[in-house]
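Read through the structure below, which is laid out as structure tokens, and then see the notes.
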Amino acid sequence: MSIPAPFRDVVQQRAGDRRVVLMPHRGDWDCLEGQTTTHVSRINEAANERFAPDDVSVEEDMARLRAFSLSVQVQYEETGRIVLPEDLREFAEIEGEVLLVGLGAHFQIWNPDLFLEQTGDERLKKFIRRKLEKARAK
């Protein structure tokens, strides 16, 4: 898959390189998150500051385990091309087409059908359906 130019611009402005960290969503959604290496470092530092090692809740521990144990750092080519590791593709049920959703400091990579199933906002679903129809018609 290829990371679109606007997303790459954000990564390079924030981190100064072509590396992103891909990880399962830290919540309950079946998608991947793409973050800059500097953002991941900040997340880890903030978590370390919030809790003493033995004050971490089971939920926080599970969120860290899910995010960091399966995270992979990848470098994209000049054109934005990256290869999604198989275990992450399986986690997000990505087999062919992908939907990238920009969220400012990071982005999400979705199986488009799962995005439509798991997103409750009807206006957003309508917008994404139209986008997918146009892309599929090409």
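No value in this document is a laboratory result; all are computed from the given coordinates. Because the structure is a prediction, the values reported are computed rather than measured. Here the Cβ is made from the backbone with ideal geometry for all residues, glycine too, and neighbour counts use every protein chain on show.
Some observations on this one:
- Contour excess over end-to-end distance, with Cα ends at residue 135 and residue 49 and 0.36 nm allotted per residue: 26.6 nm
- Kirkwood Rh, Cα atoms: Rg over Rh of region 1-49: 1.01
- Over the chain: helical MRE at 222 nm, DSSP H runs n ≥ 4 each giving -39500 (n - 2.57), nearest 500: -14500 deg cm²/dmol
- Stretched out straight at 0.36 nm per residue, the stretch from residue 60 to residue 124 would grow longer than its current Cα-Cα span by 20.1 nm.
- Cβ-based exposure ranking for 110, 29, in which fewest neighbours within 10 Å come first: 29, 110
- Considering only alpha-carbon pairs that sit under 8 angstrom and 6 or more positions apart, the relative contact order computed for the chain is 30 percent.
- Per residue, the convex hull around the alpha carbon atoms of the chain comes to 121 Å³.
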